[in-house]
Amino acid sequence: MDTVARISNTSPISCIHTFPSQSPHFPTSFAIIRVGRGSWTPIRASTTNAERREVVLPPQRDDDKQLQKGIAEFYDESSSIWENIWGDHMHHGFYDPDSTVSVSDHRAAQIRMIEESLRFASISEERTKWPKRIVDVGCGIGGSSRYLAQKFGATSVGITLSPVQAQRANALAAAQGLAHKVSFQVADALEQPFPDAQFDLVWSMESGEHMPDKTKFVGELARVAAPGGTIIIVTWCHRDLGPDEQSLKPWEQDLLKKICDAYYLPAWCSASDYIKLLKSLSLQDIKSEDWSRFVAPFWPAVIRSALTWKGFTSLLTSGQKTIKGALAMPLMIEGYKKGLIKFAIISCRKPE
C-alpha cells in the first residue's frame, strides 16, 4: 500500500539528494518540491497533491536499497586494506592543528578522537557512572566498540551493513578475548534490531553521512538510548547556510555530488540541521562543535599512505569501488579547505 508523505515548510533538513531522481516508481512528469531549507528534490507527483504538499511515495524505495547495497559492497572491498595499513579504527584522527605529524602518529590520533569525543560529551570519569551498555551504529570492523568495552568494562554491540566487516569485527573480538563483551551483526541503522531504551551510550562515529533519512536515523538513536543515556554523533556535514541563503552554491552542490557518488553518500546536511532534529525529540544538553581544524592532517595522510608501495599494490587488487573512493580523496581535501565540508561532533542526553 502506498503512503502519503506530508512535507512541512518547517522541516529542519537541508540536503543535497543524489538518488531520488533515478527512482523508477513515479510515472511521467517532474514536479519540484522543496524539502526543508536549502533542498530542492525532484519528484513525480500530481498537481493537486503538490499543491497540498502531499507526495505519494512507494512503500520501499529501490534507490535506498541500491544505496545500502553500494555501501555494503564498498566496505566489503575496502575494509581489509584499511585495516592492513591503518589498523582497526576506520575514522578520522584528532590532531593538534599546529603540529607536524608522522605516519606513526595517526593510529594514536584515532584513539584521541575517541577520547576527545567522550570528553566533549561529558562522559563521567567516575566508575559508578560509566556506561554499561553501548551500541556502535556503523561499527566498521569494531575498533570503537572494543576500545569502549575495555575502557568502561561495558558490553557493546555493533551494527554495520557490511557482512565482511561484521565477520571481521567478531573475529577480532574473539582474538582479543572480548567475545563475551562485544558482538557485531549486520543491521540497518534506520531500523535497529533492538528494543527501546537499551543503551547507556549510543555511539555513531562517521556513519551519519551514509544515512538517506536523517530524521529516521536520529529517531532511532534516541529510541534505543536508555533514559539518561548519552548520544554521540561524529559526522561529515556541509556548512551552515547563511540567513539569506536558500541553498548551497552550485559549485558546492557539484563538489558534494562527486563525493557522494564516490563514497555512497545519499545526502548531506548541516550540524544545525542535526541540532534541530535533536531538539524536536526533546533531547537535553544538546551541543555541537566544528572539529575540522583538528582533522585537517587526516586526508593528506591517507593519500600519502595510498602512494606507498604497500598502499598502491593493495589498492590495485581491491576492486573498482575502492579505487573510485581513493581517487575522490582530493575532493574531500578541497571541500575542507574551501569551508564547505565540516567535521562535526554533536552530543546530547535522553531525559531521565
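Structural remarks
- Taking the Cα centre of segment 207-305 as reference, the dipole from Cβ charges on Lys and Arg (+1) and Asp and Glu (-1) amounts to some 200 debye.
- Shape parameters for segment 140-298, alpha-carbon atoms, Rg then Dmax in Å: 17.0, 55
- The stretch between residue 185 and residue 338 holds 51.3 nm of extra length on full extension. This uses 0.36 nm per residue minus the Cα-Cα distance.
- When the solvent-accessible area of segment 257-303 is split by element, carbon and sulfur atoms take up 54 percent of it, the probe being 1.4 Å.
- For residue 257, the accessible area of its heavy atoms, probed at 1.4 Å with every protein chain present, is near 90 square angstrom.
- Estimated inter-spin distance, residue 303 and residue 150, nm [label 7 Å along Cα→Cβ]: 3.3 nm
- Residue 196-residue 98 FRET efficiency (beta carbon distance; Förster radius 51 Å; 0.05 resolution): 0.70
- Selection from 218, 320, 286, by position along the positive dipole direction of segment 217-352 (Cβ): 320
The values are calculated or read from the model by the stated rules, or taken from the named source; none is laboratory data. It should be emphasised that the depicted structure is a prediction, and the values quoted were computed from it without experimental measurement. Every residue, glycine among them, receives a Cβ derived from its backbone with ideal geometry; neighbour counts consider all protein chains shown. The area values use the complete protein model at the heavy-atom level, side chains included, leaving out ligands, DNA and RNA. Shrake-Rupley method; radii C 1.70, N 1.55, O 1.52, S 1.80 Å.
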